[in-house]
Structure formats: C-alpha cells, structure tokens
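**Student:** Before anything else, here's the structure in question.
No lab work stands behind these numbers, since they all come straight from the coordinates. Small disclaimer: the values here were computed from a predicted structure and weren't measured. Heads up, the Cβs are rebuilt from the backbone with ideal geometry, glycines too, and the neighbour counts pull from every protein chain shown.
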Amino acid sequence: MNVFERMLNTQALMFIYVVIGVIMAKTKMLKHEARSSFIHLLLDITLPCMILNSFNVEIGIEELISAGEIMILSAVCVLIAWVTGKLFWRKQPLNRKAVLEFSTLFSNAGNAGMPIVASVFGTEGVFYASFYLLPVRILIWTVGLSLFVEGKDTKEKLILLMKTPSVVVVFIGIALMFMPFRLPEVLSTAVRNIGNMTGPLSMMIIGAALGESNLREAFDVDAFKLTFVRLAVQPLIFLLLFRALGVKTILWQVVVTLTAMPAAANTEIFAEMFGKDYTFAARCVVVSTIVSLVSVPILTLLF
C-alpha cells in the first residue's frame, strides 16, 4: 500500500472520529465544560505515551543524525512560513493580522499531525515528528506569542513549556535510547496501548469543537485564504524545496505532512487571551480543519 492509500485510509478513519465528536457535541453527550478534561487527557497522558513509545526502540547513529536534520528542517519551515505570512497578510487589519500570521507559522502538528504520522509512517515517523516539534513548540511561545503581544517577557512561558509532558517525555525518550535496556514488556505494552488512543481521541475532540461551532459563520473569505496558504502553498513549497535538496525521503514526507495540517488550536486561545479577533481565529481553525481532511491525501499523491 503506497503513501496515498495509507493517508486516504487514515483520513477516512479520522473523519469518522470527527463525525463521532460532532455527534457527541450536538447531543450534549460531551459538553463544552467536559471537553477540557479530555484535552488534558490527550495532552498530558495519551500523546506523551505515543511519543515515548517511539523512543522505546533500538536507535542507531543514522537515526540520530536524521533527528538533528529534521530539527533543522523544522526551523527552516518556520522561517519560510514567517516570510510567507509577512508577504500575504501585510495589508490586513491589526486584530486579524496576528491571527493570520500565527496560523501561517504554526499548524496543528501536535494534536492532529502526530496521530496521522503514526498511522501512515509508523513508529519511525513519530520518532522524527517528535524532534520536528521541539523547535516548533519553543518558537510558538517566543516568536508566536510576540505576534499577539510585542515585547512580552516569555521567560515564564518557556519554563511552563519545558514542564509540559509532551516536551519532557522527549528528553526522557532520548535518555532511554542511550540506556542498555528497553522498558519492561508489560510497561511498554501499556505505553503503546495508551498512546494508540491519541488518534481517535484527538479527532473526537476536534469534532466536538466543530459541533459547537456555527458553520454558517465560518464562511469568511480571509479564513479560506489562510486555509489555501496553510494547506496548499506552504506544503508545496517545502515539498519542492526539500526534494530538490535531496533530503531523506521519510524526513521530508513527515515534515510536509506536519506542515499540511490545519491552523494550530493555540490560534484561538492566544487571540482571545490578548484581545485579538478570536471569533475570526476560530473560523480559521474550523475551516482549515475541515478542508485538511481532503487536502492532505491529495497532497500525498506527490509523495
């Protein structure tokens, strides 16, 4: 089965999970106030377990070198996305400009991207994706945050970042790689099984958020422009660039997949926190999430 078929099957599964999430929200089976508990379960338990499981394998020098390469690719992607955002959104009003530039810079690579990478590329893909996300998470709380509040001291935010489970577990996983032993079978099975919950859980949470949204209000021209840049323009730039540079196949495929994800969920959170147009931010997240269910498999036809 080629990458397109695996991605198509994965997105079909993700769509089913999203629909279940929508139904849960519409029927009040999953209420808004309860959704935060599921988000914590995802971010603090299942996603870290999925990441840790990717490190519980024998790793050679070649994999470690590739991990360093993908962190460089990650930084290059953010730099190109920053330039792209400045070019595309320079004429936008200030309260929307921050939202558009942030959404261009950062995708929902963690919540939505990691489960998809796991399904399509397996444990090796998650391993590389974990390293890709290290620079991204740091830049979200520095460069990303500065788009909403310029000059804000981010020291406290960086400390909080380094305490988040998905970041901490990467360093635990790196340490585990250099140990002369692997996790005991019972523990590794528990970690793997809990990590496998990440995909369905993340998509149901996204579906619940969509179920709470007024889709009629989501038809905002700027939200669709952002979606086009986020899901088509940037991934194509990265695909052509990294293939031309001769980057290892699985590395550029993982990178392109993660950059082809919808707008980051943090977009709405930061916009509301710092007095920007958070309603517009929500529209960007909703529209790009729906379109990504179709656009990502189409993109992989170029893999």
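**Student:** Please give the length that would be gained between Arg243 and Glu124 if that part of the chain were fully extended, namely 0.36 nm times their separation in residues minus their C-alpha to C-alpha distance (nm, one decimal).
**Tutor:** 40.9 nm
**Student:** Could I ask something else about it? Tabulate in residue order the Karplus-calculated ³J(HN,Hα) for region 175-182, using 6.51 cos²θ - 1.76 cosθ + 1.60 with θ = phi - 60°, rounded to whole Hz; enter x for Gly and Pro.
**Tutor:** 4, 4, 4, 8, 7, x, 9, 10
**Student:** Let me ask something else about it. Roughly how far apart, in whole Å, are the Cα centres of region 63-111 and region 185-208?
**Tutor:** That distance is 27 Å.
**Student:** Could you give the size of the charge dipole of region 198-303 about its Cα centre, using +1 on the Cβ of each K and R and -1 on the Cβ of each D and E, expressed in debye and rounded to the nearest 20?
**Tutor:** I would put it at about 460 debye.
**Student:** Might you report the magnitude of the Cβ-based charge dipole of region 15-123 about its Cα centre, with Lys and Arg at +1 and Asp and Glu at -1, to the nearest 20 debye?
**Tutor:** 1000 debye
**Student:** If you don't mind, there's one more thing I want to ask. Say we join alpha carbon atoms closer than 10 Å with springs in a Gaussian network model of the chain; which of Val18, Val191, Val99 then has the biggest fluctuation?
**Tutor:** Val191
**Student:** For Asp220, Asp44, what's the fewest-to-most ordering of other Cβ within 10 Å of each Cβ?
**Tutor:** Asp44, Asp220
**Student:** Taking the Cα centre of the chain as origin, sum charge times position over the Cβ atoms of Lys and Arg (+1) and Asp and Glu (-1), and report the length of that vector in debye to the nearest 20.
**Tutor:** In debye, rounded to 20, the chain gives about 600.
**Student:** So how much slack lies between Asp220 and Val19, counting 0.36 nm per residue of separation and subtracting their Cα-Cα distance, in nm?
**Tutor:** Length gained, Asp220 through Val19: 70.1 nm.
**Student:** Across the chain, how many lysine pairs, 8 or more positions apart or on different chains, have C-alpha atoms separated by under 15 Å? Please give the number.
**Tutor:** Value for the chain: 6.
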